[in-house]
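Notes follow once the structure below has been shown.
Only the coordinates and a few stated rules stand behind these numbers; no lab work does. Small disclaimer: the values here were computed from a predicted structure and weren't measured. Glycine gets a Cβ as well: all are built from the backbone with ideal geometry, and neighbour counts include every protein chain shown.
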Amino acid sequence: MAPAVLLTTAVCVTGRFPALAGVDLAVAQGEVVVLEGPNGAGKTSLLRLCAGLLPLTGGEGTVLGCDLRRDAPALRRRVGMLGHAAALYDDLTVAENVRFSAKAAGASVSNLDAVLDRLELGGRVRRTPVGRLSAGQRRRVALALLVMRRPELWLLDEPHAGLDAGARAVLGELVSEVVGEGATVLLASHEPEASVPLADRVVSLVGGRVVGVRDVGAGVARRSGAVDALRSVSGSVHVA
Amino acid sequence: MWRDTVLVAGKDLRIELRSRVVMHQVVPVAVMVLVLFAFALGPDRAPMAHAAPGLFWVAVLFASVLAVQRSFAVEAPDGARDGLRLSGLDPAGVFLGKSAAVAVQMVVLEVVLTAGIVVLYGSHIRSYASIVVAGLAGTAGLAAAGTLYGALAAGLRVRETLLPFLFLPVAAPVLLAGTRAWQAALGIDSGSTGDPWVRLLLVFAAVYLALGVVIFGPLQEAS
């Protein structure tokens, strides 16, 4: 089976300095890989490169079989990214944002209510303009966009930021669920206690280069345990 | 492409209905242009009626810059532009949808401005059909060209000032042809028919719509 992500001495220069200075990385389909490293290590740039949002300026790279130089527009239809910014329209309601994103991707909107309820965005919240939501709620809406689209590659940049224990548990469940369906997850995080239990491997980045890779064991069992632990903390995780 | 056009136009118009930026800021600015020119031209109605078509299209032109800037401003905050690129939408559909939304807003503005020149400048409409056709053709051209140049400027820090520099010279044929077509329709230039000018407006709109469908995608990538 071809790897979901295959980068060979990948370089990405944005501005005057390289954000990525020769990254070698292979991620298998259905794998969960956590990216760790200090600020400026290149974690976000690596995710944006894999999303086809940053140019590959050196080396070689294919993501989901798409060449990063030639097929970036086609690739972008198949990946979903949860970035630092939520990519939402403040004047549209929660339901309108999620419906627009799903329809744009050609996804069904029949499960909209179930997805919003699962992320505790149902009831009055679904009719609220996104601009009036808290940071954590906006993060949940951004997550709902991905859940509706069901991309083949999930690129999650600090996905736990701003989420309470309940939402973190749902995130853990989602990661397990989509990996079970064959999707691949690349997750950048500064919170190893939340992210590493979800991972199959952890990749360390420093200065735009991979400086270490470690196998963190049987991902499925660990993910299940992590979700159970979060559920016991939150006590109120609603699962649709 | 058409499904994406409807989706994007619906989204942009819904955002405008909620925020009312164009209705509450752009329309008053355009009306103010007419009012200020009315003061500048003095109390005599003859020169005002003569200048009405040109002033109408100048007001529409400047208002279209604001409407296009607003159309791309809604994509700027919170990474919505990246969201749009990752959405899977056909770039041609995005272009046509954004153009359509701008055009709808401009038509509303033009209805207000037409009432304005009738009331303030004492203009008499002789041919409603010519007014409507010229108005729609000019609006389609301005919306298409504006959206194209809006996409070009969108990724740049100086987009607010760059867009008028890029767009206004290109839109000069619309100003000229729209003014001449309206002069004929208002009976100001009784010696000529407005048909050639309407045809020019239609060609301008067709060229920029076709150009936008073809190059909006590469333009988005480059910017």
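With a cut-off of 8 Å between alpha carbons and a minimum separation of six or more residues, what is the relative contact order of chain A in percent?
Here the relative contact order equals 27 percent.
Based only on other Cβ atoms within 10 Å, what is the fewest-to-most ordering of B:MET48, A:MET1, B:MET106?
In order of increasing Cβ crowding within 10 Å: A:MET1, B:MET48, B:MET106.
Using only alpha carbon pairs under 8 Å that are at least six residues apart, calculate the relative contact order of chain B and give it in whole percent.
Relative contact order of chain B: 28 percent.
Within segment A:138-192, report the GluC sites (Glu not before Pro) that DSSP leaves as loop and that have at most 11 other Cβ atoms within 10 Å.
A:GLU181
Amide H neighbours of A:GLY22 under 5 Å, at least 5 residues apart or on other chains, H built in the peptide plane: list them.
A:ALA10, A:VAL11, A:CYS12
How do B:HIS50, A:HIS160 rank when sorted from fewest to most other Cβ atoms within 10 Å of their own Cβ?
With the fewest neighbours first, B:HIS50, A:HIS160 line up as B:HIS50, A:HIS160.
Between the helical axis of B:172-185 and the dominant principal axis of chain B, each derived from Cα atoms, what acute angle in degrees is found, rounded to the nearest 10?
Once rounded, the angle reads 40 degrees.
Would you mind listing how long segment A:1-101 runs along its three principal axes, going by Cα atoms, in whole Å with the largest first?
Principal-axis extents of segment A:1-101 (Cα, largest first): 43, 35, 26 Å.
Helix B:128-154 versus the longest principal axis of chain B: what is the Cα-based angle in degrees, 0 to 90, to the nearest 10?
Helix B:128-154 and the main axis of chain B meet at about 40 degrees.
Run down the lysines and flag those whose C-alpha is under 17 Å from the C-alpha of A:LYS103, throwing out any fewer than 8 positions away in its chain.
B:LYS11, B:LYS98
Among B:THR161, B:THR193, B:THR139, determine the one that fluctuates most according to a GNM of chain B built with springs between C-alpha atoms less than 10 Å apart.
Sorting by GNM fluctuation, first place goes to B:THR161.
Counting only other chains, and only Cβ atoms inside 10 Å, what mean value do you get across the residues of B:82-95?
6
Can you give me the Rg/Rh ratio for segment B:2-222, using Cα atoms for both radii and the Kirkwood formula for Rh?
Answer for segment B:2-222: 0.99.
Using the alpha-carbon centroid of each, what span in Å lies between segment A:1-67 and segment B:111-182?
45
How big is segment B:38-121 in terms of Cα radius of gyration and Dmax, in angstroms?
17.9, 57
Return B:ASP4, A:ASP90 ranked ascending by Cβ neighbour count within 10 Å, so the fewest neighbours appear first.
Ordered from fewest to most neighbouring Cβ atoms within 10 Å, B:ASP4, A:ASP90 come out as A:ASP90, B:ASP4.
If you take the Cα Rg of the protein assembly as shown and divide it by 2.2 N^0.38 Å, with N the number of residues, what do you get?
Rg over 2.2 N^0.38 Å, computed on Cα atoms: 1.16.
Using a 10 angstrom cutoff on alpha carbons, build the Gaussian network for chain A and name the most mobile of A:GLY123, A:GLY162, A:GLY65.
In the Gaussian network model the winner is A:GLY123.
Run the dipole for segment A:86-150 about the Cα centre, Lys and Arg Cβ at +1, Asp and Glu Cβ at -1, nothing else charged, and hand back the magnitude in debye, nearest 20.
Here segment A:86-150 has a charge dipole of around 100 debye.
Pairs of alpha-carbon atoms within less than 8 angstrom and 6+ residues apart define the contacts here; what relative contact order does segment A:86-150 have, in percent?
For segment A:86-150, the relative contact order is 51 percent.
Which of rounded, prolate, oblate describes segment A:86-150, given a ≥ b ≥ c as roots of the alpha-carbon gyration tensor eigenvalues and a/c under 1.5 marking rounded, otherwise prolate only if a/b is larger than b/c?
prolate
Would you kindly work out the equivalent ellipsoid of chain A from its C-alpha gyration tensor and give its semi-axes, the square roots of five times the eigenvalues, largest first in whole Å?
Whole-Å semi-axes of the equivalent ellipsoid: 28, 21, 16.
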